Amino acid sequence: MGLPAGRNTLLRRVRALPDPQIGAVALLGVDDFALRRGRVYGTVLIDLDSHRPVDLLPDREAATFAGWLGEHPGAQVICRDRAGAYADGARTGAPDAVQVADRFHLWSNLAGYVETTVARHRSYLAEPPTTCEAADEPRADLDGAVAAARDAHFEQRAFVRHARERYAAVQELKAAGVGIKPIAARLGLARGTVRKYYRATSVDDVLAKARDGHGSILRPWEPYLTERVNAGITNGSQLFQEIHDQGYPGSRAVVLAFLRPLRAGGSTAAPAARPAPKVRTVTRWILTHPEHLDEQETLALKTILTRCQDLQKTVGHVTAFAQMLTGRHGDRLNGWIAAVDADDLPELHRFTRGLLRDHDAVLNGLTLPHSSGQVEGAVNRIKMIKRQMYGRANFDLLRKRVLLAT
């Protein structure tokens with residue numbers, strides 16, 4: 001641009017600019033954003049009346065937030081997510097303010113527990129095998145063999161071994177009375193990672209998403225291999241070459257590992273059943289308004305629910321919560337919690353326990369019109385600014401750019 005000043009001079013000038021004046025913020029929105037994803041987080045504060053960011057904090061600790069509220073009195077309503085640090089900070093720094101749990105975060109929290117519920121009942125997702133009355137010879141359980149092949153390949157992956165080791169380490173420290181934050185420091189893990197292992201009832205809960213969301217590289221060719229085994233073709237080299245010619249990019253060893261239990265089951269087997277929908281897919285069906293599902297999805301979900309009463313009850317509770325959420329019927333909250341607790345749904349029980357711990361804020365979120373939608377938009381703008389600076393900006397420069405750009 002032909003400027004006589006160097007870049008360091010320009011940066012010093014930007015840093016020297018005065019901060020905008022912060023007046024009394026009656027309606028305050030608060031949320032975290034990643035400075036280094038998974039490791040370092042900051043806090044953004046939004047004036048929900050003027051739709052402007054008022055400040056950025058270098059962490060998301062309760063003491064920092066409480067200190068800011070003490071220095072800037074006047075907050076009457078604080079919209080936040082379900083993070084305990086912001087709740088504690090608000091109680092300390094602005095004890096008279098009304099706390100509002102954001103409805104989007106409430107729905108997201110419920111979605112996580114619904115997915116865990118579906119994962120626990122994954123055996124009900126697949127269609128039961130059909131029997132062929134015309135078959136004279138006994139047929140092998142090919143579906144079981146396919147599942148065994150998938151499980152064996154999944155267990156061989158390095159991240160599964162690491163997950164089991166981490167789970168054991170976290171649970172050992174938990175049993176010794178160590179909290180999440182000290183465990184994270186001791187093991188060198190992010191608090192979110194530790195929290196996941198800390199709260200899981202088993203390591204399978206942690207691995208559920210990976211097991212269903214990241215299939216084997218061989219998955220698209222499994223039906224073809226199944227058909228070929230049914231036809232009596234069990235030569236591994238021949239089958240590998242056939243799918244290699246079709247575009248399979250993996251190794252011969254993966255194919256042989258998949259075929260091993262199929263060979264053991266015999267060459268005469270029932271035709272391969274239609275693959276079961278993924279846990280994430282069924283979860284999406286449950287969380288989607290019925291009017292927004294197509295005919296095939298509606299029928300598939302209905303079929304699954306007829307096989308599993310627990311999932312049928314879960315859908316009923318999700319529907320009731322959605323109606324309470326969208327209609328802002330906070331007066332139904334206690335009745336909804338009681339109805340959930342009356343059913344044997346341990347994942348949803350964990351959700352209701354969290355609602356009770358944050359009862360007042362949740363009740364306000366389901367009753368009052370305030371939300372943190374503006375805060376989420378501000379977080380997205382911060383991400384854009386970070387990308388513009390190629391991740392090389394210090395917190396002070398990022399703060400200046402966010403506050404002075406509005």
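The values are calculated or read from the model by the stated rules, or taken from the named source; none is laboratory data. What you are looking at is a predicted structure, and each value in this text was computed from that prediction instead of being measured. Don't worry about glycine lacking a Cβ; one is built from the backbone with ideal geometry, like all the others, and counts go over all protein chains shown.
Would a scan of segment 95-106 turn up a residue that is in contact with a helix residue (DSSP H, G or I) (Cβ under 6 Å, 6 or more places away or on another chain), closer than 19 Å to Arg350 by Cβ and part of a strand (DSSP E or B)?
Yes: one or more hits.
In segment 382-406, what count of residues is obtained for those that are within 24 Å of the chain's Cα centre (by Cα) and crowded, with 17+ Cβ neighbours inside 10 Å? Spell out the reasoning first.
Of the residues in segment 382-406, the ones within 24 Å of the chain's Cα centre (by Cα) are 382-384, 386-387.
After this cut, where a residue has to be crowded, with 17+ Cβ neighbours inside 10 Å as well, the list is 382, 386.
Qualifying residue count for the region: 2.
Might you let me know whether segment 351-373 holds any residue that is more than 19 Å from Tyr113 (Cα to Cα), exposed (fewer than 12 other Cβ atoms within 10 Å of the Cβ) and polar (S, T, N, Q)?
Within segment 351-373, none of the residues are more than 19 Å from Tyr113 (Cα to Cα), exposed (fewer than 12 other Cβ atoms within 10 Å of the Cβ) and polar (S, T, N, Q).
Filter segment 326-379 down to the residues that are among the β-branched types (Val, Ile, Thr) and part of a helix (DSSP H, G or I) and list them by number. Let's see the steps before the verdict.
Initially, segment 326-379 is screened for residues among the β-branched types (Val, Ile, Thr), giving 326, 337, 340, 352, 362, 367, 375, 379.
Within segment 326-379, Thr326, Ile337, Val340, Thr352, Val362, Val375, Val379 meet the criteria.
Can you pull out the residues in segment 5-42 that are surrounded by 15 or more Cβ atoms within 10 Å (Cβ to Cβ) and without any contact (Cβ under 8 Å) to a residue 24 or more places away in the chain?
Tyr41
Name the single residue that is modelled with the highest pLDDT among those in segment 182-235 being buried (at least 17 other Cβ atoms within 10 Å of the Cβ), among the small types (Gly, Ala, Ser) and assigned to a helix (DSSP H, G or I).
Ranking the candidates gives Ala184 first.
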